[in-house]
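Student: Pasting a structure below so you can have a look.
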Amino acid sequence: MEKREGTITDLESVKRYLEKREASTVDDEFPPKFLEPFILRGLRSDLIEPGHVVFSMNIPPRLLNSGKHLHVGAIVTLVDVVGAIAIPAAGFPMDTGVSLEINVSCFDAAYVHEEIEIDNKVLRVGNAIAVVSVEFRKKKTGQIFAQGRHTKYLPFVSKM
């Protein structure tokens, strides 16, 4: 493996970096159901119509990464949880099944106290699969700074 200045190419260095954190379980540190309220607190519902749900929020300091902008982990959690809400808004059962795929593309950063809008649209709901698109916009400019897609397996509902 070629060594380049400024990059980690030594696998032992990578291993030491990853192992230097003490092993612990989330159960030891956080209360149950910690993540969703942590991410979703402050979220406001602006629009609910069939297959289309819009939320807004002011980015709180707790959701920032070390670069002082909205953490991509928070964005992915929002795509997961808030994106799934669009499925029952389209007239399907609240039990929206399990996630098959979540992807996120980030185009720009969003910063603390910036007002954002999260626009969820159901693209398709079939017999077994639902697909939702989630766009993150800066409210002030309308600029899309992240975009996600959430594919869910829908539970089979018996007609008996």
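The values are calculated or read from the model by the stated rules, or taken from the named source; none is laboratory data. Note that the coordinates shown come from a computational prediction; the quantities given were computed from them, not determined experimentally. Please note: Cβ atoms are built from the backbone with ideal geometry, for glycine as well, and neighbour counts cover all protein chains shown. The area values use the complete protein model at the heavy-atom level, side chains included, leaving out ligands, DNA and RNA. Shrake-Rupley method; radii C 1.70, N 1.55, O 1.52, S 1.80 Å.
Condition check ((1) over 21 Å from N58 (Cα atoms); (2) among the β-branched types (V, I, T); (3) surrounded by 16 or more Cβ atoms within 10 Å (Cβ to Cβ)) across all residues:
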position: V76; (1), (2), (3): no, yes, yes
position: M94; (1), (2), (3): yes, no, no
position: L100; (1), (2), (3): yes, no, no
position: V112; (1), (2), (3): no, yes, no
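Student: Determine which member of the set K121, K152 is modelled with pLDDT under 95 and within 22 Å of I39 (Cα to Cα).
Tutor: K152
This table checks each residue for (1) part of a loop (DSSP other than H, G, I, E, B); (2) aromatic (F, W, Y); (3) within 18 Å of L43 (Cβ to Cβ); (4) out of contact with any His (no Cβ under 9 Å at 6 or more places or on another chain).
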position: I85; (1), (2), (3), (4): no, no, yes, yes
position: S105; (1), (2), (3), (4): no, no, no, yes
position: A109; (1), (2), (3), (4): yes, no, no, no
position: H113; (1), (2), (3), (4): yes, no, yes, yes
position: P155; (1), (2), (3), (4): yes, no, no, yes
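Student: Looking at segment 62-72, can you tell me whether even one residue there is in a helix (DSSP H, G or I), in contact with a helix residue (DSSP H, G or I) (Cβ under 9 Å, 6 or more places away or on another chain) and open to solvent by 50 Å² or more (accessible area, probe 1.4 Å)?
Tutor: yes
Student: Every residue in segment 116-153 that is assigned to a strand (DSSP E or B), of a type in the set (S, T, Y) and open to solvent by 60 Å² or more (accessible area, probe 1.4 Å), please.
Tutor: Restricting attention to segment 116-153, the residues satisfying the condition of being assigned to a strand (DSSP E or B) are 116-125, 129-138, 144-153.
So of that shortlist, the ones also of a type in the set (S, T, Y) come out as 133, 151, 153.
Within segment 116-153, Y153 is the sole residue that qualifies.
Student: So which residues in segment 75-115 are small (G, A, S) and at pLDDT below 95, if there are any at all?
Tutor: Result: G83, A84, A86, A89, A90, G91, G97, S99.
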